[in-house]
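Below is one structure, written out as structure tokens; comments come after it.
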Amino acid sequence: MRILHLSKYYPPEPGGIEHIVACQAEGAQSAGHDVTVVCGAGPGKAGPESIEELRGVRVVRLPTYAVIWSQPIIKGYLKHSASSADIVHVHHPNPLADIAALTRVTAPVVITHHSDVRRQRLIRPFYMPLVRAVHRKASAIAVPTRSHVTISNELRGFEDKCHIIPFGVDEARFSPGEVERPAPFGAFGDRPVGLFVGRLANYKGLDVLVNAVRGTELAVVIVGAGELGRWLEQKIKRLGVESNVSLAGAVSARELPDYYRAAAYFVLPSTTPAEMFGVCLAEAMACGTPIITTALKTGVREVNAPGEVGLEVQPGDATGLREAMEKLAGDSALRREMGLKARKRVEDRFTLRGMIDAHLRLYTEILSAA
């Protein structure tokens, strides 16, 4: 089977969508399929186009001249989207991929609906006709949780096309185990340390997190980079919580599992529905680490099972978050119990192999019915 993925970017460019695209592409390739990804080279990377092979996947990286309302302007995207693939997989939201699917693609189209367009409210009325046209053309729409369907405006009327295929993680790579604490944990001695992993962006609730640890003995390591990096440094100094918070910056894929293993618990204090799933939650759970999330009406609530594998607080509630962190930090038996259940939940619901196999079955069904 020849499979073409249309994505904004691809690793090593960071991002949750990019990570999922790579997992799907590499998984299909390892199963014996011919896989190509068309993507932009990255924000501000306007050099010549390149074609490389990464872990067996053919990656076409194209010049990216600008990013307008989160949409990269990519030279040659439409041309390279006109391929002889058997299946074309569009990762939404991505208006350029939508246009390509409508104007250049003759093969069956599968869409992974990662989220609605939320932040770019001004362009939403203009974008919606394009979204609905692509959804009408699509043979199937994959969503990682039922919540993606129930809270989406863009999927209204297309519910019958939706297939629930949870995002998965490599449970062999992300697994429980004793490790030597990574360097950013060192400043906290033997204290139980919480962990955040993600892009340093407004919707992640990092302001709530640093407010939650103020005036406490709580310790947290923050892994990630992004537009709020400098602001976060200043916020930590202004609140006087340098002894509570360690900024680790970006961490390599090789090192990341050790961070999850070293953490007493994982915390994702996101405040808006822009947080639709949180692959980092499944990664932490696979390592046997209990989690703390917020009660968003998104797929986050389907990853966590509050009271079983972790705790849940209201978005934006620094006091509630502090209490949840103190509860896990102060109760090693509860952490062990929740960690075991967290690992089992991943094995049952959120494995990489399960995600890959479900997509390949969906492709085969579509081609058989064509």
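The values are calculated or read from the model by the stated rules, or taken from the named source; none is laboratory data. Source: prediction; values computed, not measured. Note: ideal-geometry Cβ built from the backbone for every residue, glycine included; neighbour counts use all protein chains shown. The area values use the complete protein model at the heavy-atom level, side chains included, leaving out ligands, DNA and RNA. Shrake-Rupley method; radii C 1.70, N 1.55, O 1.52, S 1.80 Å.
A few points about this structure:
- DSSP bridge pairs, the chain: antiparallel proportion in percent, nearest 5: 15
- Loop-resident sites, segment 244-324, for trypsin sites (Lys or Arg not before Pro), counting at most 12 other Cβ within 10 Å (DSSP): ARG254, LYS297
- Of THR271, ALA253, ALA282, farthest towards positive along the dipole that unit charges on Lys, Arg, Asp, Glu beta carbons give segment 236-292: THR271
- When the chain is treated as a GNM with alpha-carbon contacts under 10 Å, the residue of PRO176, PRO72, PRO129 showing the greatest mean-square fluctuation is PRO129.
- At q = 0.12, 0.15 Å⁻¹ the log10 of I(q)/I(0) for segment 299-370 amounts to -0.50, -0.65, computed by Debye summation with a single uniform scatterer per C-alpha, solvent ignored.
- Taking a Cβ cut-off of under 14 Å around GLU49, the surrounding Lys, Arg, Asp and Glu residues balance to a net charge of +4, with basic ones at +1 and acidic ones at -1.
- Structure-derived percent of Cα pairs over 41 Å apart: which label, when the choices are (i) 16; (ii) 12; (iii) 23: (ii)
- Surface analysis of segment 1-107 yields an accessible area of 42 Å² per residue, using protein heavy atoms and a 1.4 Å probe.
- Relative to the longest principal axis of the Cα atoms of the chain, the long axis of helix 352-369 makes an angle of roughly 20 degrees.
- Excluding ligands, DNA and RNA, the accessible surface per residue across segment 152-245 is 47 Å² with a 1.4 Å probe.
- Share antiparallel - DSSP beta bridges, segment 1-130, percent rounded to 5: 30
- For the Cα trace of segment 124-262, dividing Rg by the Kirkwood Rh returns an Rg/Rh value of 1.11.
- For segment 208-354, size of Cβ-based charge dipole, Lys and Arg +1, Asp and Glu -1, in debye: 120
- Accessible surface of segment 181-228, 1.4 Å probe, proportion on carbon and sulfur as whole %: 49
- Taking amide H atoms as placed 1.01 Å from N in the peptide plane, the amide H of HIS163 lies under 5 Å from those of ILE141, ALA142, VAL143, each 5 or more residues away in sequence or on another chain.
- Computed label-point distance, nm, for sites LYS79 and THR150 using a 7 Å Cα→Cβ extension: 4.7
- Principal semi-axes in Å for segment 132-171 [√(5λ), Cα gyration tensor, largest first]: 21, 12, 7
- Contour minus Cα-Cα distance for ARG353 and GLU308 (0.36 nm per residue): 13.8 nm
- For segment 62-114, the pair-distance distribution built from all alpha carbon pairs, in bins 5 Å wide starting at 0, is 4, 20, 29, 25, 16, 5, 0 percent.
- For the chain, the longest principal axis of the C-alpha atoms and the axis of helix 229-239 are separated by about 20°.
- Viscosity 1.567 mPa s, temperature 4 °C, Stokes-Einstein D of segment 207-327 from Kirkwood C-alpha radius, µm²/s: 88
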